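A.B. asks: Before I ask anything, here is the structure I am working with.
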Amino acid sequence: MVYQLHTFGELYLTASTGDVVAFPEKALVALSYLLTRSNSHIPRQDLADFLWQNCESTNPRVNLRQLLLRIKARQKDLDSPIFVLTQTDIAVNRTAVQYDFSMLLGGTTDEPLLYLKKFLDLVTGEFLSGCELSSEKGEAWLHATRSQILHHVSICLDRAIRGPINDTDRPLIKEAAYRLLEFDSYNETAYKALMGAFASEGLISQVRTHLHRYKDLLWSDLQVLPQNEMIEFAESLFGDRIPARAKDQEPSPANAIEAIPDPYQDKPKIPRLLILPPIDASEAKGNVQLAQAFVEDITISLCRTRSLAVVAAHTARRLASGTQGNAVSFEQYDVTYALETRLSAETGEPTLYATLSDCRVDSMIWAERFSLIGGGLSSSYIQLIRRIAASVIDLIERHEFAKARIASSPDAYQHYLIGQNHLGRIDLPSIRRARKSFRAALNGSPEYASALSGVARTQHLEWLLLARADTSLLKAAEANAMTAVLKDPDDAAGYRVLGVVKLFCGQFDESIDVFSAAEQSAPMHADLLADFADTLVHASQPESGLRKISEAIALNPLCPDIYWWTAAGANFCLEEYETALTCIGKMEDQTAATRLSAACCGMMGNTERSRTLAAKTIDIYPDFEIESWLSVCTFKEKWQRELYREGLSRAGFK
């Protein structure tokens with residue numbers, strides 16, 4: 001029997017039947033290494049050093065002996081041995097194994113389109129993704145092999161775009177370019193391929209968008225500019241000189257109101273997706289909340305992509321429920337694609353019907369149904385994500401979503417969704433019910449990072465509701481959030497909780513660092529950006545906080561009140577009191593911000609209005625005192641505390 005070694009994404013071995021063959025991971029790493037060498041033999045000591053040379057806590061030779069014992073025991077059950085073991089050497093039986101990367105490292109680049117198709121079929125993740133090598137030699141080999149594969153792909157992509165491109169080949173080239181950028185975000189050839197493809201379609205705006213994205217990435221990450229060849233290539237597509245891009249202007253106190261615009265005026269340059277959750281359905285009464293949580297989780301997951309703006313779940317819920325009236329249209333909210341969902345139990349089991357439409361031409365792209373039975377939830381999640389990505393592949397980066405791995409534990413995912421649904425209400429019983437559901441998810445899937453982040457969030461919220469009395473809750477939230485980040489560095493939920501906890505602990509710089517990492521994982525996650533903005537304001541960076549909350553509002557135009565409250569606080573710190581009151585005026589329930597309104601009026605000299613608002617605040621919080629409140633407020637710099645003290649004093653607070 002000939003076995004197949006799979007190295008892109010998860011590392012595993014399959015039989016000719018397609019069944020996964022259990023084999024030690026370190027043995028598969030060693031197998032990958034030996035297959036890249038011209039000589040398949042290696043001395044035992046050399047392989048031990050390759051795998052464990054820098055591992056101080058263990059002896060490489062002892063580790064290798066243990067690994068070889070496991071290989072021998074496993075090979076007894078195989079039809080053909082994969083390794084040939086002698087007293088001094090280890091070799092690979094090349095007649096017994098095929099490996100996927102041979103088609104990319106050993107394949108010819110004379111037929112670039114065929115090579116690119118192989119690349120897309122094979123490379124669903126990074127080469128040996130997640131594998132750790134405890135030696136400098138091993139790390140160097142891994143880096144070199146990954147670079148070599150990407151170099152071959154770049155060569156083929158360059159050859160493909162230098163020749164004539166017909167309409168049937170263009171989607172293949174664009175998809176290959178996007179996939180290449182997932183592994184090499186600075187790849188100039190990939191950007192050239194995309195710009196050339198869009199130019200041939202007459203989409204000059206997309207050419208400009210990708211050029212600016214490339215320039216911004218190089219400057220922000222490396223502080224370098226594109227090479228002249230790249231600029232000349234772009235100019236050849238435009239047919240004229242590239243207009244200079246205006247530098248981003250810093251919002252000043254004089255124009256701070258412009259930093260919180262009507263969110264529909266400055267429309268994003270990238271496609272905008274709206275996912276409408278299902279509304280109540282009488283025949284599926286008991287499953288509506290689960291379906292809504294399922295759709296919301298998909299919305300948050302799609303926030304990870306950088307080439308697609310996703311309308312936040314809060315706005316989507318309000319649009320689906322009709323609270324904005326029938327006059328609200330997709331055009332008003334600048335929606336490019338709309339995914340409308342409906343829940344039904346006509347077939348005897350809860351089923352989610354989904355329809356994806358292109359709003360620009362009012363045409364349906366596809367319609368599908370997905371099972372919401374426990375065992376089908378995870379597979380439905382993966383299918384729906386893939387269908388959305390595939391349907392708008394020309395404009396969306398192709399990402400692998402980490403939650404796809406939970407398909408093996410559908411019950412855990414269902415418990416997670418139930419927990420998310422409980423968090424729709426912020427009261428003590430709901431928070432504790434949510435924690436119970438998240439823990440049930442962890443019982444079924446201990447490595448489920450999102451569920452662990454959920455536990456951390458419930459602990460932080462309970463700490464807030466208990467008037468910040470039980471510090472053990474905050475410490476537990478921090479520990480669980482940190483563990484969630486370590487388990488899944490690509491899931492922004494853990495970073496989000498960790499950032500908020502760091503803020504309440506007064507660790508401002510650490511909080512900013514955490515939120516910056518979270519934003520890299522989910523740049524379109526509106527709630528995360530709003531929390532980031534609040535952290536920046538408390539860290540005495542109100543200008544940056546104002547810019548960040550503007551981004552959040554643009555993604556979530558029918559946003560929760562906390563967004564406008566954060567914007568008001570930023571403007572207060574910039575001494576833009578009228579603008580702060582304007583932001584508060586956009587809140588549906590302004591009760592929580594009454595104290596801030598009073599301080600704004602006090603600083604503006606409106607004594608009568610400030611005293612009225614102060615009295616209203618005392619009616620709500622009869623024990624309120626300025627010094628007691630300031631003692632629990634987290635501000636990095638003293639001037640913020642003094643500014644609030646002055647505003648509240650002028651309003652008549654004691």
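Bear in mind that the values in this text are calculations on the coordinates, not laboratory data. What you see is a predicted model, and the numbers here were worked out from it, not measured in a lab. Please note: Cβ atoms are built from the backbone with ideal geometry, for glycine as well, and neighbour counts cover all protein chains shown.
A.B. asks: Name the shape class, rounded, prolate or oblate, that the alpha-carbon gyration tensor gives for the stretch 108-244, where a ≥ b ≥ c are the square roots of its eigenvalues, rounded holds for a/c under 1.5, and otherwise prolate holds if a/b is larger than b/c and oblate otherwise. Can you show the working numbers first?
C.D. replies: On the way: a/c = 2.44, a/b = 1.41, b/c = 1.73.
Cα axes put the stretch 108-244 in the oblate bin.
A.B. asks: Still on this structure: Assuming a viscosity of 0.692 mPa s and a temperature of 37 °C, what translational diffusion coefficient in µm² per second does Stokes-Einstein assign to the stretch 1-139, Rh being the Kirkwood radius over Cα pairs?
C.D. replies: Roughly 206 µm²/s, to the nearest whole number.
A.B. asks: Using a Förster distance of 51 Å, how high is the FRET efficiency between VAL2 and GLU201, based on the Cβ-Cβ distance and rounded to 0.05?
C.D. replies: 0.70
A.B. asks: Another question, if that's okay. May I ask you to derive the FRET efficiency for LEU643 and GLU349 from their Cβ-Cβ distance with R0 = 56 Å, giving the value to the nearest 0.05?
C.D. replies: Working from the Cβ atoms, E equals 0.45.
A.B. asks: Which distance in nm do the two modelled labels at ALA517 and THR591 give, with both placed 7 Å along the Cα-to-Cβ direction?
C.D. replies: If labels sit at ALA517 and THR591, their model points lie 3.8 nm apart.
A.B. asks: So, one more: Quick one: of LYS117/LYS174; LYS616/LYS654; LYS502/LYS586; LYS26/LYS137; LYS72/LYS137; LYS502/LYS636, which pairs are farther than 19 Å apart, Cα to Cα?
C.D. replies: As for pairs spanning more than 19 Å Cα to Cα, those are LYS502/LYS586; LYS72/LYS137.
A.B. asks: Per-residue counts of other Cβ atoms within 10 Å, averaged by peptide: what ranking do you get for 85-98, 537-550, 201-214, highest first?
C.D. replies: Numbers: 85-98: 13.8, 537-550: 22.9, 201-214: 17.1.
The most tightly packed comes first, giving 537-550, 201-214, 85-98.
A.B. asks: Mind listing the long-range amide H neighbours of ILE275? Cut-off is under 5 Å, sequence gap 5 or more, other chains count too, H placed in the peptide plane at 1.01 Å from N.
C.D. replies: VAL311, LEU339
A.B. asks: Answer rounded, prolate or oblate for the stretch 470-592, using the Cα gyration tensor with square roots of eigenvalues a ≥ b ≥ c: rounded when a/c is under 1.5, else prolate when a/b is larger than b/c, else oblate.
C.D. replies: Because a/c hits 1.5 or more and a/b exceeds b/c, the stretch 470-592 counts as prolate.
A.B. asks: Still on this structure: Could you give the nm distance between label points at THR88 and PHE624, where each point is 7 Å from its Cα heading toward the beta carbon?
C.D. replies: Between THR88 and PHE624, the label points sit 8.5 nm apart.
A.B. asks: Could you order the peptides 13-26, 129-142 from most to least packed, using the average number of other C-beta atoms within 10 Å per residue? Write out the running numbers ahead of the final one.
C.D. replies: Numbers: 13-26: 13.1, 129-142: 15.6.
Going from most to least packed, we get 129-142, 13-26.
A.B. asks: Set the Förster distance to 22 Å, then compute FRET efficiency between GLU139 and ASN59 from the Cβ-Cβ distance, nearest 0.05. Don't jump to the answer; show the numbers that get you there.
C.D. replies: On the way: r = 20 Å, r/R0 = 0.90.
In this case the efficiency is close to 0.65.
A.B. asks: Let me ask something additional. Which length gain, in nm to one decimal place, applies between SER40 and GLN148 when the Cα-Cα distance is subtracted from 0.36 nm times their residue separation?
C.D. replies: Working it through step by step, the gained length comes to 36.9 nm.
A.B. asks: Multiplying the sequence separation of LEU69 and GLU132 by 0.36 nm and subtracting their Cα-Cα distance, what value in nm do you get?
C.D. replies: Numbers: separation 63, 0.36 × 63 = 22.68 nm, distance 2.12 nm.
The span from LEU69 to GLU132 would gain 20.6 nm if fully extended.
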